[in-house]
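Here is the structure we will look at, set down as structure tokens.
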Amino acid sequence: MKKQLCLSLVASSFLFAQTDIEQLRTEMNKQQLIIEKLQEKLEKLENANANKEPIKTEKFVAPQREAFDQSKFMPDISLILDASYVSRSKKDDEVAHLEVPSVVHGLLGSHSDGDVTHSTYNANNGFNLNYAELALSSSVDPYFTMDAIFHLSEHGFEIEEAFVTSTALGHGLRAKGGKFLSNFGYLNEKHHHAWSFSDMPLVYESFLGLHAINEIGAQLQWTAPTSTYLMFGAEVLQGENEQMFGNNTIGDVEAPIAKGSSAPSLFVAYVKSSIDIDDTTILGGISYANGSSRVDHSQEEVPSAFSGDSSLYGIDLTVKHYFDSYSFLSWQSEWLMRDMDGIGYALDPADISVVTTTTNLRKKQAGIYTQLEYGINKNWSAALRYDTIYKNDVVEDGVNLNEPDSLNSYSAMLEYKTSEFAKFRLQYNRNEALYNEDGLRQKIDTIIFQTNIAIGAHGAHSF
Amino acid sequence: MRFLLLLLPLTLFANLNIAVSYPYIGALTKSIGGENVETVVLANGNWDPHFIVPKPSLISKVRNADGLIMNGGQLEIGWLPPLIKRAGNPKTNVNASTFLNLSNHISMIDKPQSLSRSGGDLHPDGNPHFHLDPNNILILANIIKEYLSSIDSKNSQIYEKNYTVFSDMWKKKIELWNKKMLSKKGAKVVQFHNILAYFNKAYGVQNIATIEPLPGIPPSSKHTIETIELMQKEQPCCILHDVYHSTKTAEFMSEKTGVKIVLMPHDIGALDSVEDLTSLFDYLTSAIK
């Protein structure tokens, strides 16, 4: 059957062969023409391409340039410049010698301590470059982030902060290690460019100095699993605050004036809570710091030293009401009280290794700052601040020195922002807390025009 | 007694407790999650979504969440990072499987050609207000369904079912809105900030100018006068104004040109009558008269 079919197929093909060949020839010619035309077109197109860009010969060579490129892992970098123009009612030299009696010497202006020049923000009449702040921030790996804030000034390079923060502990726990601003109180943790005024509140700067509690150490914070914000924190810090805390030996190591204590020597604890009532947020906190004090003022005009233990208590309250996305009224206050108990040494100005008198010294001092800020809109903001150190009990060998205790300062400011990256602020201060060497109260008026400009990637600020 | 209640852990009350940045995400998540999911919305719907205050109470909300869904496209850059940082919750960290960035799943428009702050507050990845195109809501609903199923696989069938119900309803709504907006095709509008970019694109509405000279930069008199001149030439139908910026400049422009101002809600809660996702788009598609 199969054979038959095959044979008949072969036969039929022969039968049709003659006419088929003719047809195929004409068909082939047609196809030939089409192929030729297509070839022409192809050549034209190829030429056109060749004119535009040469045919790539390195087709199989993988680009090596970015094979090990890590630039995508660049941390967030920002630079913040803070400069001011200052006009003060007293000369710089005069101001540097004034003191808040038994609290701090040379609060305003700059002073030299050995080789190091210390100056507060807006220290001099005329122009001041307060700092250029370089901030770096990035995640390290799935478990940590790292932040560093460097203050570059004309006097040098300062590590304001450099710390690692945990991100994976869970249970509301967060650990931090390195050099950082303590979370004591409200303002302590905030950077200068986030303050409402261009200077620090009197009580903060007098008790703790310009950088407040800014130490090397470790921090652990726990946010409670409650619907109301409740946070507990504890910090173990080296304890090297120049105004209040310290553990270094004072004087010659062989024959010290006061022996050092073991470090770390400063311990901080706080609890914070917050509630919202409609568009009003209330944030409050209670803070406590305790540490050893070795305060070395041997380089100053009237050389002295203090050795003992100190406690610092703080209560802070911030009430902020929002009218809309851009305007608010904020009332921020903090109370600080310190208790320093130890031995005071008066040193011989001719030879600072010689102790002239030794006294049992106890300082109980307290102050408040309270400020009201009105954020008018996205561009404008205005604020008032009242500062006071109202308690200044200094007892030497059981005798109250009756130091002045109504040490006040008043400030007002008007701020204009062209954007969130550029801030211009006009501030007026009246300081009635400073006394001269003759024990006379000085009234100092200061006008500060401050500019604060930021570029780059800078993380958003917390409340 | 009331204080004690406030101290109770939130997690006691819900199966899955998801924190979301904006109200529209909350509504969408609730639609898909149903009774298995409790949503905690961080931002107010009547505020500028770029400027939300990182209130401490929000730290607790993030701290107690089982996951976090955000809009992304840098819309939350000014307020969400400090909350995540302080919450100490690994489930809300950016690299966690329980963290969802919606912008990763949408192709964004108006990506700036060059990036410099001299051009104002630019969003490097494009306009992030993509939820105002109702077609995108479907994509987002699907992503949220996938997300909920991945972190709570035992209930994935429920999420699938809820998604089907939602998307059927939404598709019908889209047809209605398309019909309503058909006659608005080619309409010219002016806005304060180009928050309606996706809405306008979906319905062929043409934005000819913004009242702010550059994104995030408040109106200037020079730009206002230029815009008034443009409006007199182009004759737009209306000024579509958001609810959170002052309408002062818009009122001035309206007075000079006779072009009327129409308030456009951008999210649930932006206006009292906008209570859910459908009423948001019902309102938006009826607003241009």
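The values are calculated or read from the model by the stated rules, or taken from the named source; none is laboratory data. The structure displayed is predicted, hence computed values, not measured ones. Here the Cβ positions follow ideal geometry from the backbone for every residue, glycine too, while neighbour counts run over all protein chains shown. Side chains included, ligands, DNA and RNA excluded: accessible areas come from the protein's heavy atoms. Shrake-Rupley method; radii C 1.70, N 1.55, O 1.52, S 1.80 Å.
For this structure, a couple of remarks:
- Residue by residue, the stretch A:239-249 carries 3J(HN,Hα) couplings of x, 10, 5, 6, 8, 9, 10, x, 9, 6, 5 Hz when phi is fed to the Karplus relation 6.51 cos²θ - 1.76 cosθ + 1.60 (θ = phi - 60°); x denotes Gly or Pro.
- Between the stretch A:217-270 and the stretch B:241-269, the alpha-carbon center distance in angstrom: 55
- Between 0 and 90°, nearest 10: helix A:2-52 axis offset from chain A longest Cα axis: 40
- The solvent-accessible area of A:E205, taken with every protein chain present and a 1.4 Å probe, is close to 20 Å².
- Amide H contacts for B:V41 (H built 1.01 Å from N in the peptide plane; partners 5 or more residues away or on another chain; cut-off under 5 Å): B:V20.
- Packing-based ranking of A:222-228, A:67-73 yields A:222-228, A:67-73, ordered from highest to lowest mean Cβ neighbour count within 10 Å.
- In the protein assembly as shown, a dipole from Cβ-located charges (positive for Lys and Arg, negative for Asp and Glu) runs towards its positive end, and of A:G177, A:Y322, A:P303 it is A:Y322 whose Cα lies farthest in that direction.
- Each of B:S279 and A:L440 was given a label point 7 Å from its Cα along the Cα-to-Cβ line. The distance between the two points is 7.2 nm.
- The mean number of partner chain beta-carbon atoms within 10 angstrom of a residue's beta-carbon across peptide A:422-435 is 0.
- Volume in Å³ per residue [convex hull over Cα atoms, computed for the stretch A:276-368]: 121
- Förster-model FRET efficiency, 30 Å R0, A:V399 and A:A350, C-beta, rounded to 0.05: 0.65
- Residues whose placed amide H lies under 5 Å from that of A:G260, excluding near-sequence neighbours: A:T249, A:I250
- A 1.4 Å probe, protein heavy atoms only, puts the accessible area of A:Y85 near 110 Å².
- In chain A, taking the dipole from charged Cβ atoms about the Cα centre, the farthest positive-side position among A:P225, A:G284, A:N130 is held by A:P225.
- Kirkwood Rh and Cα Rg combined as Rg over Rh, evaluated for the stretch A:75-219: 1.02
- At R0 = 45 Å, FRET efficiency that the Cβ-Cβ distance of A:D341 and A:I447 yields, to 0.05: 0.65
- Each of A:T357, A:V271, A:A168 was placed along the dipole of chain A (beta-carbon charges, centred on the mean Cα), and the one lying farthest toward the positive end is A:A168.
- Dipole magnitude of chain A, debye to nearest 20 (Cβ charges: Lys/Arg +1, Asp/Glu -1, about Cα centre): 2700
- Under the span-like rule (Cα at least 30 Å along the axis, Kyte-Doolittle mean at least -1.0), DSSP H helices of chain B: B:156-182
- Modelled this way, with points 7 Å down the Cα-to-C-beta line, the labels at A:M74 and B:K161 are 5.2 nm from one another.
- Relative contact order [Cα under 8 Å, 6+ residues apart], the stretch A:225-382, whole percent: 18
- Restraint check, A:K378/A:K443; A:K417/B:K55; A:K72/B:K111, Cα-Cα greater than 26 Å: A:K378/A:K443
- Ordering of A:183-196, A:260-273 by burial proxy (mean other Cβ atoms within 10 Å per residue, highest first): A:183-196, A:260-273
- P(r), alpha carbons of the stretch A:384-463 - 10 Å bins starting at zero, rounded %: 15, 29, 24, 18, 11, 2
- Average beta carbon contacts from partner chains per residue of B:89-96, 10 Å cutoff: 4
- Shielding by partners - mean other protein chain Cβ count within 10 Å, residues of B:277-286: 0
- If only the Cβ of Lys and Arg carry +1 and only the Cβ of Asp and Glu carry -1, the dipole of the stretch B:1-144 around its Cα centre is close to 520 debye.
- Burial ranking of peptide ranges B:37-44, A:247-254, A:165-172 (average Cβ count within 10 Å, highest at the top): B:37-44, A:165-172, A:247-254
- Cα-based reach from A:K30 at 18 Å (exclusive), listing lysines while leaving out same-chain residues under 8 positions away: A:K41
- The calculated Kirkwood hydrodynamic radius for chain B is 20.2 Å, given to one decimal from all distinct C-alpha pairs.
- Extension gain from A:S327 to A:K44, taking 0.36 nm per residue of separation minus the Cα-Cα distance: 95.1 nm
- For A:S298, residues with placed amide H under 5 Å, excluding near neighbours: A:S304
- Cβ-placed point charges (K, R +1; D, E -1), dipole of chain B about Cα centre in debye, nearest 20: 60
- Solvent exposure of the protein assembly as shown as accessible area per residue, Å², 1.4 Å probe: 50
- Ligands, DNA and RNA left out, the 1.4 Å accessible surface of the protein assembly as shown is 57% carbon and sulfur atoms.
- Each part gets one Cα centre, and for the stretch B:190-228 versus the stretch B:21-36 those centres are 30 Å apart.
- Relative contact order of the stretch A:77-456, defined on C-alpha pairs under 8 angstrom at six or more residues apart (%): 14
- Within chain B, helix-based [θ] at 222 nm, where runs of 4 or more DSSP H residues each add -39,500 (n - 2.57), nearest 500: -13000 deg cm²/dmol
- Buried accessible surface for the B/A pair, both sides summed and rounded to the nearest 100, is 3300 Å² with a 1.4 Å probe.
- Extension gain, A:Y288-A:F127: 0.36 nm per intervening residue step, less the Cα-Cα distance, totals 54.2 nm.
- 19 Å cut-off, amide nitrogen to a point 7 angstrom out along A:S89 Cα→Cβ, residues in the stretch A:389-411: A:389, A:406-411
- Mean separation of Cα contacts under 8 Å (6+ apart) over length of chain B, as relative contact order %: 16
- Angstrom value of the Kirkwood radius, inverse mean 1/r, which spans all Cα pairs in chain A: 27.0
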